[in-house]
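The values are calculated or read from the model by the stated rules, or taken from the named source; none is laboratory data. Note that the structure is predicted; figures quoted are calculated from it, not measured. Glycine gets a Cβ as well: all are built from the backbone with ideal geometry, and neighbour counts include every protein chain shown.
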Amino acid sequence: MSARRTGVQVPGMRARRLLGVFRFLIAAIEVVALVGNFEYVLGFRLFATANFFSYFTVQSAFLAVVVLLVAGAFALFADHDPPWLGTVRTIVTVYVIVSGIVFGLIVSQASTFSYRIEVPWSDTLLHFVVPALVVVAWTVDSVLAVNPPVPWSTLGWVLAYPVAWLAFTLVRGADLGWYPYFFLDEAQVGGWVGVLVGCLVCLVIFLALTAVFVAVNRWLWRRARARRAAPPGAPRRRAARAGSPAPRP
């Protein structure tokens, strides 16, 4: 039976409702960023719509919008998220963060490969602002400990989409002669060995970030539940056992 039906307010539920609004706000910002970025690339003479939608950043941004809207609805109208949503939210959070990391690396290394990359406001939103906001929402959600903890099995799912995307992108790139990221183009990274190294580095980043997120979520969840379950006199009894006199009432 839900807390709404029983009239019992679950700890942190008001904050959870605010978190739901925050999730909707991030989704709205992501949509603005996507629209702005699409309008920006329309100004390029060789622009192709299919190429725009082939970027991992763009695809992960669409995933983030859908997941944020679903998660926002759960936060507003349910006492907790279903367990599967915690897994999906963590995975999508990792995706948008990796997109930002890769974009930052590309911008910093572009001149080495004779690239000139501009960073319009839409790219700033997509690659830096939204990932930061998503991490904030994810962290607050973990601190509230209203939702089930994220399972370690999340590590087994996070690579499914990136591996499929890499396979499709490499096949499509070989056919069209165009790649969304220069480290996937063998002509620019010294052959297929360079491409393989780039792909492996990306996959390791996905796994490492996911492991960190799951570990942090479970740690914050345990701490929040321990504080919530501790009796009011627990700190006083711990002080007495340590040899410190308990304060007088």
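Scanning segment 123-146 for residues that are modelled with pLDDT of 90 or more, touching an Asp or Glu at 6+ places or on another chain (Cβ under 8 Å) and either over 21 Å from Val212 (Cβ atoms) or hydroxyl-bearing (Ser, Thr, Tyr) (or both) gives Leu125, Leu126.
Within segment 168-217, if we keep just the residues that are in contact (Cβ under 8 Å) with a residue 40 or more places away in the chain and in a loop (DSSP other than H, G, I, E, B), the residue that is farthest from the chain's Cα centre (by Cα) turns out to be Gln188. In segment 32-63, what residues are more than 15 Å from Pro180 (Cβ to Cβ) and exposed (fewer than 13 other Cβ atoms within 10 Å of the Cβ)? The answer is Val35, Glu39, Leu42, Gly43, Arg45. Annotation note: Cβ proximity below 7 Å between a residue of segment 104-132 that is among the charged types (D, E, K, R) and a residue that is modelled with pLDDT of 75 or more (sequence gap 6+ or interchain) occurs for Asp123/Asn37.
Consider Thr112 carefully, then state whether it is hydroxyl-bearing (Ser, Thr, Tyr) and at pLDDT 85 or above. Considered against the rule, which asks whether it is hydroxyl-bearing (Ser, Thr, Tyr) and at pLDDT 85 or above, Thr112 comes out as no. On the stretch given as segment 193-209, residues that are surrounded by 11 or more Cβ atoms within 10 Å (Cβ to Cβ) and either more than 23 Å from Gly104 (Cβ to Cβ) or in contact with a Ser or Thr (Cβ under 9 Å, 6 or more places away or on another chain) (or both) total 1. Report whether or not Val158 is surrounded by 16 or more Cβ atoms within 10 Å (Cβ to Cβ), under 14 Å from the mean Cα position of the chain (by Cα), modelled with pLDDT of 95 or more and of a type outside the set (S, T, N, Q). Judged against the criteria, Val158 is a match.
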